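The values are calculated or read from the model by the stated rules, or taken from the named source; none is laboratory data. Every value quoted in this text rests on a predicted model; they were computed, and no experiment measured them. So basically every Cβ, Gly included, is an ideal-geometry build from the backbone, and we count neighbours across all protein chains shown. Calculation scope for accessible area: heavy atoms of the full protein, side chains included, ligands and nucleic acids excluded. Shrake-Rupley method; radii C 1.70, N 1.55, O 1.52, S 1.80 Å.
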Amino acid sequence: MEIPAGLKVNDRIVRMAQEQAGRILRGAQHRAQLTAGILRTWPAEAGKRTQAEWDAVREAVPGGRSLPGSVIKARTRQITAFADRHGRFPVDVFELEEVPRAARMLVLAAVDRQQATLERAEEDPARVLLRLQLPVRPDPCSYADWVWVACPITLAPTVPPGAVLHLPTLRPQGHKVRVDLAFSHPVPKAEPMGHTTALGVDWGLNTLVSAGACRLHPDGTITALGAGAMFRAGGVMARQHRLRRHGERLHAKTDTYARLIGDREGHHLAAKHAVLAAERRHVADRRSGLNDALAWSAARWAVDQAIAVGASVIYLEDLRSMEAKGMGRTLNTRLSQTVRGQIAENMRHLAAETGIAVVTVPARHTSKHCPQCLVPLRHCKAPDRPATPGWKWVICPDPQCGWQGDRDHGAWRRIAARGLTHQHTTTVDRGTGHMAIPRVIDTLETGAVLTSTTTRQHQASGGDRSKTGPTPHRSPRPVPRRRGAPSTPGPRGPAGQRPEGHAHTDPRPPRAACRHQGARTPVHTISSSTPTSRNRPRHRPKGAALGAGFHLHAHATPPHPGGQIPQSQHPR
């Protein structure tokens, strides 16, 4: 890098520029190698590769064995679109893409203490003082034009007091400066194998994440701990889809205005185009912020579930190569807008603090086969929700098994059992440190079945449950408590009779079990459809349809120590 004549800049500023340029060049090199590998092994049919063609393209691309298939397919579609427009294939990535742009930031990690320092305050560990040299004019002519500037920083509560702080990256945004601060602190090492208690995590659409714990016993049997839990984000996703539709309309308007304006300066539509472009950026920022909040919330919930049950590993369904296609325009768009990759990355970050390993598991037939006998399941309507659209309820057709339940609950059981039986095949990526089970082995898959708790207790007792003595005496059920105060008199008669049951001492109404219930709707063990009448119309989820708020429409099952989530506990 050559400094223009007449400017006085030390070599540390040059290091920051070289570090940022190196990051951009490394990304461009990866894309160039990917494009060259795809062009060398171009398939006979661009939209569909055979297994031999997939093996060839993965061998031609550096790191192709661990590269998601969706990345290769996306680059193939990009090359196909270029060929349709120009009638030929691109020579390299430089014809396929525009020149990469450099972000406005200062990478202080590339300099030493003569350019920037970072120190904690002795009286308050949550406060940090950043000192760095900055120019007082845009064209510094001598070292006298460089002065030390002090920037006080308040650390987030998630930063431990004893963590080692590193020089941050500064990003100017408007009239503010954002600080990306990295820190290091010792954490327990996560082991890829040797686990006995695992948390299985399954992805969903309205039920974003379903999770539950399983335990591997010394005799090789696997049992489920509790009934599982859910993280539902239907209201948040509704708001996300509303912002997406609004952004698409703004994008169409700005493109129309840009086409009408053309190259003419001072056009009367230029002001409207600028307003719509700013609004489109604002909507995009709101969508990004909502995705970040949802990803961190779901990841924190899953790690809390693992901590509560004492699990040492989280087995996560690997859906990196899943593409949304063949399910209609609306459902394809909803599936493509999910934040699974961001949730998985945040989950690895949060689990590393407690020494919990996060391992991805192949997603083959996790929702198709029975978790107790591996027989293909039969999908049907839920018995307590016959009017609910969809086929989320599954029943095992094997009469000797008879397992039935929610499809997502069966999936996390299969994922946890598959991870526990295949844990000795776990591989660790040297570059990223991510753990994964590369493939499913049929001989190990036959043992990835769950044993019911009653069956295991029957086997532990020797299988003999004959009566050897008198039945122990049990105390009778106590009489339910009644409210001490008399009931209030009715409008047309004397005081009414109180119903049987315990007195309601909590003044707050019960929380709705799901977003399809109102605040005053009683919480039942199973969600039953309420018949409508002329005087009582059907409840409509106004907040979920309008996307009113994040915390009002993200319902999650609270963690229970030991994983014993009661069957009557509905997720909130």
Quick one: THR117 ticks every box in (1) open to solvent by less than 40 Å² (accessible area, probe 1.4 Å); (2) in contact (Cβ under 8 Å) with a residue 24 or more places away in the chain; (3) of a type in the set (S, T, N, Q) except a single one, so which number is it?
(2)
Subset tally (residues that are in a helix (DSSP H, G or I) and touching a strand residue (DSSP E or B) at 6+ places or on another chain (Cβ under 7 Å)) for segment 408-456:
15
Output for Cβ contacts, cut-off 9 Å, separation at least six or different chains, first residue in contact (Cβ under 8 Å) with a residue 12 or more places away in the chain and buried (at least 16 other Cβ atoms within 10 Å of the Cβ) in segment 358-376, second in a loop (DSSP other than H, G, I, E, B) and of a type in the set (Lys, Arg), reads THR360/ARG320; PRO362/ARG439
Please verify whether segment 219-227 includes one or more residues that are open to solvent by 30 Å² or more (accessible area, probe 1.4 Å) and either assigned to a helix (DSSP H, G or I) or among the hydrophobic types (A, V, I, L, M, F, W, C) (or both).
no
Checklist (1) of a type in the set (A, V, I, L, M, F, W, C); (2) under 14 Å from the mean Cα position of the chain (by Cα); (3) modelled with pLDDT of 90 or more applied to LEU276, failing item:
(2)
Quick one: which of PRO161, PRO138, PRO188 is touching a Gly at 6+ places or on another chain (Cβ under 6 Å) and open to solvent by 70 Å² or more (accessible area, probe 1.4 Å)?
PRO188
Could you tell me whether segment 31-39 includes any residue that is not basic (Lys, Arg) and not in a helix (DSSP H, G or I)?
no
Of the residues in segment 95-114 that are touching a residue at least 24 places away in the same chain (Cβ under 8 Å) and surrounded by fewer than 14 Cβ atoms within 10 Å (Cβ to Cβ), the one that is farthest from GLY27 (Cα to Cα) is GLN114
